[in-house]
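Heads up, the thing below is written out as structure tokens.
The values are calculated or read from the model by the stated rules, or taken from the named source; none is laboratory data. The shown structure was predicted, so the numbers you read here are calculated from the model rather than taken from an experiment. All Cβ positions, glycine included, derive from the backbone under ideal geometry; neighbour counts span all protein chains shown. Ligands, DNA and RNA are stripped out before the accessible areas are found, and what is left, the full protein with its side chains, is counted by its heavy atoms. Shrake-Rupley method; radii C 1.70, N 1.55, O 1.52, S 1.80 Å.
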Amino acid sequence: MYLTLIFVFFLKADDYKLGHGLKLSDEIHIGGYFSLDYSKSNEKRQFRLDDVAFLLYGDLSSNISYLLELEAAPFYTKNYTTDISETDNTFHYERFYLNYTYSEMFNIRIGKQITPIGYWNLEPINVLRDTSSNPLYSNKMFPKLLTGVDLHGYLDDDNSLKYHLFAQDNDDLDEDYINIKNDYFIGISLEYEFLDEVSFGGATGNYKTKDDNRDVVLYQLDAKYDNYPFVVQAEMAYNNIDNKVTDLKSHQFAAYSQATYNFNMKHAVIGRYEYFEDSHIGDTNHIGVIGYSYRPMYSVSFKAEYQFNSNSDLSKSIISFSVLF
Amino acid sequence: MILKIIITLFLLTVSLYSAEYAVVIDKKSDITKVSLKQIKDIFIMKRHFINSKKIVPVNMPSTSQLRIEFEKKVLKISREKLNRHWTKQHFQGVSPPVVQSSNNSMKLFIKNVKGAIGYIPVSSIDSDLKVLYEF
């Protein structure tokens, strides 16, 4: 109901363009997004109003800007297999930070923010992705969000080599809303753009989990070739894990490679291969994804995909609809 | 007669290939030179400084022929790809450049806002503005 009212308010506003938010002043720019999905596997059949989120951002001065993102997810779930419905309309802090822009080389972001690693993690919402699902790489290998400081900028005159030095030494701003609860995370990432089409990079870091006291050293690599209509990207991460409670050592490895062919700006087909292994629980997964994406405009996305999982009970089909407003 | 034809052809060629528009900044700015890549990076909000000076890019309205030419000849990015870019930037909390509705308001903005950089027809350039790039 509220979402519909807000959506109508946006559409009625002068100069509003769907997907670009509504600028009320230099200090106040509002927007948001939501996504619906329906999935079916051997184990489960469910419908979700997955993300409902609101964005507020703006410039407080010529050098200082801020962003607040509040999100409820999953907002509503209907499990048709068990016939159970659940609603959770608690909004959490997804991001809340201040940016200080000093120069091309030195900028500081303080607060809860997206961990600046790779490609997938930087554009994590359904409407910006090419598939409804996320690879396991994006959920299992490192905390998606950082409550701390990120020093970032470009190391060359050409703005081709970007760095991030980030650190957290406290609890997450909203511990109920992060994939890996942690109270320590320090790392560095580098990304190099070569020509307009090719980029590659990597990251390394160390984080300490709260629930199971793991001390994790992360190594990550990524590469992307973006030459319309073809886009190919791949990321991999390796975790060296030292469990401080059991004194057991283990590792995790995750990788994916995804290729997208855009027939035009509206229609695209996607193929992805994923691999994940966890030596501690002896788990190994191979996942293949084929998908189709239709965007009547970039900020409105209809997607359909089928996931082939090496554990056949987890193979599933997903359709989704998502909007950034 | 032959000389007249040659001169006419020469002038015609010059007029065909001379720039119609220019990227300009306030004459008092100490920025004297920017590369095409820097202009592109400034207008997609990837770059915010030139020679350690903060830059404020200014666009014409999206329906303006001048903006269409600027996107085609300088940015070299299609409107669809720009729309995709700004949708992604909206999620990152980055707004597109401010918009001025006419050549005159563009000139006034550039003269009054430190670091403002925009584009206008060559014929509208006056002595208060400095040309950084012609297209």
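Identify all residues within region A:295-305 that are over 21 Å from A:SER317 (Cα atoms) and buried (at least 21 other Cβ atoms within 10 Å of the Cβ); write none if there are none.
Of the residues in region A:295-305, the ones over 21 Å from A:SER317 (Cα atoms) are A:296-299.
Passing the criteria: A:TYR298, A:SER299.
Are any residues in region A:276-294 surrounded by fewer than 21 Cβ atoms within 10 Å (Cβ to Cβ), of a type outside the set (Ser, Thr, Tyr) and assigned to a strand (DSSP E or B), and if so, which ones? I'd like the intermediate steps shown before the answer.
Quick first cut of region A:276-294, residues surrounded by fewer than 21 Cβ atoms within 10 Å (Cβ to Cβ) only: A:277-288, A:290, A:292, A:294.
The next check asks that each one be of a type outside the set (Ser, Thr, Tyr); those that pass are A:277-278, A:280-283, A:285-288, A:290.
Passing the criteria: A:GLU277, A:ASP278, A:ASP283, A:ASN285, A:HIS286, A:ILE287, A:GLY288, A:ILE290.
Does B:LYS40 satisfy being outside any helix (DSSP H, G or I) and more than 19 Å from A:TYR16 (Cα to Cα)? First the steps, then the outcome.
Working: outside any helix (DSSP H, G or I): no; more than 19 Å from A:TYR16 (Cα to Cα): yes.
No, not satisfied.
In region A:193-209, how many residues are more than 19 Å from the chain's Cα centre (by Cα) and surrounded by 15 or more Cβ atoms within 10 Å (Cβ to Cβ)? Working first, answer last.
The first filter runs over region A:193-209 and keeps only residues more than 19 Å from the chain's Cα centre (by Cα), leaving A:193-198, A:206, A:208-209.
This time we only want the ones that are surrounded by 15 or more Cβ atoms within 10 Å (Cβ to Cβ), so: A:193, A:208-209.
Qualifying residue count for the region: 3.
Table: residues versus (1) more than 14 Å from chain B (Cβ to nearest Cβ); (2) modelled with pLDDT of 95 or more; (3) out of contact with any strand residue (DSSP E or B) (no Cβ under 6 Å at 6 or more places or on another chain); (4) farther than 30 Å from B:ILE77 by Cα.
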site	(1), (2), (3), (4)
A:ALA268	no, yes, no, no
A:GLU277	yes, yes, no, yes
A:TYR306	yes, yes, no, yes
A:ASN311	yes, no, yes, yes
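Would region A:105-112 turn up any residue that is among the polar types (S, T, N, Q) and under 24 Å from B:PRO96 (Cα atoms)? Even if it seems obvious, please write down each step before you answer.
First, the residues of region A:105-112 that are among the polar types (S, T, N, Q): A:107.
Of the ones still in play, those that are also under 24 Å from B:PRO96 (Cα atoms) are A:107.
Yes, the conditions are met somewhere in region A:105-112.
Can you find, within region A:150-184, the residue that is farthest from the chain's Cα centre (by Cα) among those that are of a type in the set (Phe, Trp, Tyr), away from chain B (no Cβ under 14 Å) and closer than 27 Å to B:HIS48 by Cβ?
So the first thing to find is which residues in region A:150-184 are of a type in the set (Phe, Trp, Tyr), and the list is A:154, A:163, A:166, A:177, A:184.
Add one more test, that the residue is away from chain B (no Cβ under 14 Å), and what stays is A:163, A:166, A:177, A:184.
The next check asks that each one be closer than 27 Å to B:HIS48 by Cβ; those that pass are A:163, A:166.
Working: A:TYR163: 19, A:PHE166: 17 Å.
The extreme case among them is A:TYR163.
Contact list please: Cβ distance under 7 Å, first residue in region A:47-70 and of a type in the set (S, T, N, Q), second residue open to solvent by less than 10 Å² (accessible area, probe 1.4 Å), pairs at least six apart or on different chains.
Listed pairs, sorted by first residue: A:SER65/A:TYR57; A:SER65/A:GLY58.
Check A:PHE34, A:PHE10 and return the single one that is open to solvent by less than 30 Å² (accessible area, probe 1.4 Å), aromatic (Phe, Trp, Tyr) and modelled with pLDDT under 95. Quick ask: steps written out before the conclusion?
Details: A:PHE34 fails: modelled with pLDDT under 95.
Criteria check complete, one pass: A:PHE10.
When region A:116-139 is examined, which residues are found to be away from chain B (no Cβ under 14 Å) and either hydroxyl-bearing (Ser, Thr, Tyr) or over 12 Å from the mean Cα position of the chain (by Cα) (or both)?
A:THR131, A:SER132, A:SER133, A:TYR137, A:SER138
Being within 20 Å of A:HIS20 (Cβ to Cβ) and among the hydroxyl-bearing types (Ser, Thr, Tyr) is the filter; apply it to region B:48-94 and report the residue that is least open to solvent (accessible area, probe 1.4 Å). Give the steps one after another, and end with the answer.
Step one: filter region B:48-94 for residues within 20 Å of A:HIS20 (Cβ to Cβ), giving B:48, B:56-64, B:67-68, B:70-71, B:75, B:77-94.
Next cut, among the hydroxyl-bearing types (Ser, Thr, Tyr) only: B:62-64, B:78, B:87.
On the way: B:SER62: 58, B:THR63: 120, B:SER64: 22, B:SER78: 51, B:THR87: 1 Å².
Only one residue fits best here, namely B:THR87.
Which is away from chain A (no Cβ under 14 Å) and touching a strand residue (DSSP E or B) at 6+ places or on another chain (Cβ under 9 Å), of B:PRO121, B:PRO97?
Details: B:PRO97 fails: away from chain A (no Cβ under 14 Å).
Residue meeting the stated conditions: B:PRO121.
Can you confirm whether region A:192-203 contains a residue that is closer than 15 Å to A:TYR119 by Cα, within 14 Å of chain B (Cβ to nearest Cβ) and of a type outside the set (D, E, K, R)?
Within region A:192-203, the first condition is being closer than 15 Å to A:TYR119 by Cα, and the residues that meet it are A:192-193, A:197-203.
The next check asks that each one be within 14 Å of chain B (Cβ to nearest Cβ); those that pass are A:193, A:197, A:199.
Then drop every residue that is not of a type outside the set (D, E, K, R), which leaves A:199.
Checking region A:192-203: at least one residue is closer than 15 Å to A:TYR119 by Cα, within 14 Å of chain B (Cβ to nearest Cβ) and of a type outside the set (D, E, K, R).
Please specify each residue of region B:32-47 satisfying the condition of being surrounded by fewer than 16 Cβ atoms within 10 Å (Cβ to Cβ) and either within 24 Å of B:LEU108 (Cβ to Cβ) or among the β-branched types (Val, Ile, Thr) (or both). So that I can check it myself, show each step before the final result.
So in region B:32-47, the residues surrounded by fewer than 16 Cβ atoms within 10 Å (Cβ to Cβ) come out as B:32-33, B:35-37.
Of everything in region B:32-47, just one residue is surrounded by fewer than 16 Cβ atoms within 10 Å (Cβ to Cβ) and either within 24 Å of B:LEU108 (Cβ to Cβ) or among the β-branched types (Val, Ile, Thr) (or both), namely B:THR32.
Of the residues A:SER320, A:SER301, A:SER250, A:SER257, which single one is within 14 Å of chain B (Cβ to nearest Cβ), touching a residue at least 12 places away in the same chain (Cβ under 8 Å) and part of a strand (DSSP E or B)? Please lay out each step first, then the result.
Working: A:SER320 fails: within 14 Å of chain B (Cβ to nearest Cβ); A:SER250 fails: within 14 Å of chain B (Cβ to nearest Cβ); A:SER257 fails: within 14 Å of chain B (Cβ to nearest Cβ).
Answer to the selection: A:SER301.
Just checking: which of the helices (runs of 4 or more DSSP H) contained wholly in region B:64-135 hold 2 or more residues that are closer than 30 Å to A:VAL300 by Cβ, among the hydrophobic types (A, V, I, L, M, F, W, C) and out of contact with any Lys or Arg (no Cβ under 7 Å at 6 or more places or on another chain)?
Numbers: elements: B:65-70, B:79-91, B:103-112.
So the answer is B:65-70, B:79-91.
Determine, yes or no, whether A:PHE263 is within 14 Å of another protein chain (Cβ to nearest Cβ), farther than 19 Å from A:ASP130 by Cβ, at pLDDT 95 or above and touching a strand residue (DSSP E or B) at 6+ places or on another chain (Cβ under 9 Å).
Details: within 14 Å of another protein chain (Cβ to nearest Cβ): yes; farther than 19 Å from A:ASP130 by Cβ: no; at pLDDT 95 or above: yes; touching a strand residue (DSSP E or B) at 6+ places or on another chain (Cβ under 9 Å): yes.
In short, no.
Quickly run through region A:258-284 and pick out the residues that are hydrophobic (A, V, I, L, M, F, W, C) and in contact with a His (Cβ under 9 Å, 6 or more places away or on another chain).
Looking only at region A:258-284, we keep the residues that are hydrophobic (A, V, I, L, M, F, W, C), and these are A:259, A:263, A:265, A:268-270, A:276, A:281.
The one that is hydrophobic (A, V, I, L, M, F, W, C) and in contact with a His (Cβ under 9 Å, 6 or more places away or on another chain): A:PHE276.
For the condition surrounded by 18 or more Cβ atoms within 10 Å (Cβ to Cβ) and of a type in the set (A, V, I, L, M), what is the one hit in A:ILE84, A:ILE117, A:ILE64?
Numbers: A:ILE84 fails: surrounded by 18 or more Cβ atoms within 10 Å (Cβ to Cβ); A:ILE64 fails: surrounded by 18 or more Cβ atoms within 10 Å (Cβ to Cβ).
When all the criteria are applied, what remains is A:ILE117.
So the check is Cβ under 8 Å with 6+ separation or different chains; which pairs have a first residue in region A:202-220 that's over 18 Å from A:PHE166 (Cβ atoms) and a second one that's β-branched (Val, Ile, Thr)?
Note: pairs meeting the criteria are A:ASP212/A:VAL245; A:ASN213/A:VAL245; A:ARG214/A:ILE241.
Check A:MET236 against each of (1) within 18 Å of the chain's Cα centre (by Cα); (2) open to solvent by 20 Å² or more (accessible area, probe 1.4 Å); (3) under 29 Å from A:HIS20 (Cα atoms) and name the one condition it does not meet.
Tallying (1) within 18 Å of the chain's Cα centre (by Cα); (2) open to solvent by 20 Å² or more (accessible area, probe 1.4 Å); (3) under 29 Å from A:HIS20 (Cα atoms), A:MET236 fails exactly one: (3).
Determine which single condition A:THR82 fails, assuming it passes every other condition in (1) within 14 Å of another protein chain (Cβ to nearest Cβ); (2) over 30 Å from B:SER52 (Cα atoms).
(1)
Of all the residues that make up region A:11-66, how many are within 14 Å of chain B (Cβ to nearest Cβ) and of a type in the set (Lys, Arg)?
First, the residues of region A:11-66 that are within 14 Å of chain B (Cβ to nearest Cβ): A:14-35, A:51, A:53-66.
Those left that are additionally of a type in the set (Lys, Arg): A:17, A:23.
Looking only at that region, the number is 2.
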